[in-house]
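Beneath this line is the structure, given in C-alpha cells, with notes to follow.
The values are calculated or read from the model by the stated rules, or taken from the named source; none is laboratory data. What you see is a predicted model, and the numbers here were worked out from it, not measured in a lab. Note that we place each Cβ from the backbone using ideal geometry, even for glycine, and neighbour counts take in every protein chain shown.
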C-alpha cells in the first residue's frame, strides 16, 4: 500500500511535469503558494512553517536548503497548521507528522521513476545527482522505499530484508 506521503509527492510531480534534477524547490514551493523567508534563527532551529510562509535559517548549504524546503512543503501538502522543526533533535522523537513530511520530501526530491531510470547507483551518487544530503538518500532507499522498489531491488540482489 502506498502511503499518503508518497501519494502527495506523486501528485506534486503530476502538477509540475518536466521537473529536472536537482529539483528547484524554491520555484516549486512558490508555484504551490508558499513564500520563502530567510531568517537569523538560533540553533537548533533551521526551518519553520507557518501558513504559507516557510522560514529558513540564514547560511544553509544548497543541499540542506533544498531538503528543508521540500520538508516544509510536504507539511503544507499533508498537514494543516504550523510546524517548527528542530532537525538535530528529530532523531530522538520522530513524530508521525515529521516522518510523513520526511517521506514526502524524499519522494519529491527523488521520485521512484527517476530512481528507476538511474539504475544501480550508490547513495553518495544519488546525493550528488539529486543535490540532497546523503542521509536523506539513505533514508529514501531504506525507510522510504516503496514496495515495488523493494521487490525490484531484491530481484537485482540489492535489497536484503
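Worth a mention:
- Meets criteria (in a strand (DSSP E or B), more than 24 Å from residue 117 (Cα to Cα) and free of Cβ contacts under 8 Å to residues at least 40 places away in the same chain) for residue 56: yes
- Selection of the range 3-50 for residues being loosely packed, with under 12 Cβ neighbours inside 10 Å, over 17 Å from the mean Cα position of the chain (by Cα) and assigned to a loop (DSSP other than H, G, I, E, B) yields 17, 18, 33, 40, 42, 43.
- Among the residues here, residue 131 qualifies as at pLDDT 95 or above and on the phi > 0 side of the Ramachandran plot.
- Condition check for residue 105: assigned to a helix (DSSP H, G or I), touching a helix residue (DSSP H, G or I) at 6+ places or on another chain (Cβ under 9 Å), at pLDDT 95 or above and farther than 23 Å from residue 157 by Cα: yes
- Any hit, the range 83-95, residues being closer than 19 Å to residue 12 by Cβ, assigned to a helix (DSSP H, G or I) and either at pLDDT below 95 or under 15 Å from the mean Cα position of the chain (by Cα) (or both): no
- Subset tally (residues that are without any contact (Cβ under 8 Å) to a residue 12 or more places away in the chain, assigned to a helix (DSSP H, G or I) and out of contact with any helix residue (DSSP H, G or I) (no Cβ under 6 Å at 6 or more places or on another chain)) for the range 114-146: 5
- Here residue 110 meets each of (1) exposed (fewer than 15 other Cβ atoms within 10 Å of the Cβ); (2) modelled with pLDDT of 95 or more; (3) under 23 Å from residue 8 (Cβ atoms) with one exception, condition (1).
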